[in-house]
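The structure under discussion appears below in the form of structure tokens.
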Amino acid sequence: MNNITITAELKQSKNKPGIPANSGNKRLLEAISVLYIFLFFYTALSKTAFIGYTIDVLNFTPFFKEIPKTTAWSVVVIEYIATLLLFFPNTRRIGLYVSLFLMIGFIAYIIWMMIYAPNLPCTCGGVIASMTWAQHLIFNTVFVFLALWGILLMRRNKHV
Amino acid sequence: MKRYLFGALAIIIAAAVVANTSPKKAVFVDYFFAYYGPPTFAEVDVENPANWVNVSSLGNDTIPPVCNNINVKACRIKVPASKTEFDPIIGIRRLKITTVINAAQAPGSFTYYVTPTGDVIQALNKY
């Protein structure tokens, strides 16, 4: 009976690439992806809507003030790409890797700002910009761990 | 389709939240502008908002020109954010064309410096 169930789960997971067979893990991965989709789409859309503000802040940010427009639009485009990659189960694995590297990049930016321009606001987009640098660092670290967790969940399933 | 349900919901909610967000205000309360007009420092040039470039929000004198605060030539001014506008296409903040900058002639010189009147909160001049 058990063998039949496992076989059925494996078959199901083969039909839906990118989704682990275990239903608990599947839900967890789905939840992590949805959280990231919300975060990236929200911040990307917010930055797009107020792109002038984002560029304006970057105009005063050490290093980035040399290329404020390029930096602002590059981050927005990468966030949209990450959203799309996470949205489709087939590309979710690469989406999680992109999210992880993006979050690590944002953490580096936060540390850079904490050292060189702590009185400047964040160009993060939306209500996230109202966080203090320390709160933002914690927030991003949590998301780094979520991405790592998601990657681990996918890696545990050989057939994915 | 069920596989896309939560992702699609997340996107819809995110869009709704952004749509209900009020427009962003200026990053800073005040902005610093430096004089980058003709080196003759004529009255008409000093009082022209187009000759002033946003250099820093922090009054940082490490960005040229360095102002020694001697009232001979215009150097740097501080104005409220309301007197500035941001051009997202060019990517710079500039003074509104209606900004009032008042210049005074330096004693014994043909050059003009800025007085902290009109829309100028603070004026730093140079020799």
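Looking for whichever is under 20 Å from B:Ile90 (Cβ atoms), crowded, with 18+ Cβ neighbours inside 10 Å and polar (S, T, N, Q) here; the options are A:Thr70, A:Thr61, A:Thr83. Which one fits?
The conditions single out A:Thr61.
Between a first residue in segment A:99-116 that is touching a residue at least 60 places away in the same chain (Cβ under 8 Å) and a second residue that is of a type outside the set (Gly, Ala, Ser), which pairs have beta carbons less than 6 Å apart while being 6 or more apart in sequence or on different chains?
Close Cβ pairs (under 6 Å, with a partner that is of a type outside the set (Gly, Ala, Ser)) amount to A:Ser99/A:Tyr36.
Give me the residue from segment A:50-92 that is over 30 Å from A:Arg27 (Cβ atoms) and among the small types (Gly, Ala, Ser) and, out of that set, nearest to the other protein chains (Cβ to nearest Cβ).
A:Gly52
Given A:Thr71, A:Thr48, which one is of a type in the set (Val, Ile, Thr), within 16 Å of B:Ala19 (Cα to Cα) and assigned to a helix (DSSP H, G or I)?
A:Thr48
Conditions: (1) at pLDDT below 85; (2) surrounded by fewer than 16 Cβ atoms within 10 Å (Cβ to Cβ); (3) more than 30 Å from A:Phe40 (Cα to Cα); (4) touching a strand residue (DSSP E or B) at 6+ places or on another chain (Cβ under 7 Å). B:Tyr36 meets all but one. Number of the miss?
(1)
Only one residue in B:Ile77, B:Ile11 is within 10 Å of another protein chain (Cβ to nearest Cβ), out of contact with any Pro (no Cβ under 6 Å at 6 or more places or on another chain), surrounded by 16 or more Cβ atoms within 10 Å (Cβ to Cβ) and at pLDDT 90 or above. Which one?
B:Ile11
Residues in segment A:125-134: is at least one away from chain B (no Cβ under 14 Å), at pLDDT below 90, touching a Phe, Trp or Tyr at 6+ places or on another chain (Cβ under 7 Å) and assigned to a helix (DSSP H, G or I)?
Within segment A:125-134 (the criterion being away from chain B (no Cβ under 14 Å), at pLDDT below 90, touching a Phe, Trp or Tyr at 6+ places or on another chain (Cβ under 7 Å) and assigned to a helix (DSSP H, G or I)), the answer is no, since none of the residues qualifies.
Failed condition for A:Asn90, given (1) closer than 20 Å to B:Ile11 by Cα; (2) surrounded by fewer than 20 Cβ atoms within 10 Å (Cβ to Cβ); (3) at pLDDT 95 or above, with all others met?
(3)
If I go through segment A:23-49 residue by residue, how many of them are more than 10 Å from every other protein chain (Cβ to nearest Cβ), of a type in the set (S, T, N, Q) and touching a residue at least 24 places away in the same chain (Cβ under 8 Å)?
Selection size over segment A:23-49: 1.
Residue under question is A:Trp112, and the condition is that it be away from chain B (no Cβ under 11 Å), surrounded by fewer than 20 Cβ atoms within 10 Å (Cβ to Cβ) and assigned to a helix (DSSP H, G or I); does it hold?
yes
The values are calculated or read from the model by the stated rules, or taken from the named source; none is laboratory data. The shown structure was predicted, so the numbers you read here are calculated from the model rather than taken from an experiment. No Cβ is skipped: glycine too gets one built from the backbone with ideal geometry, and neighbour counts run over all protein chains shown.
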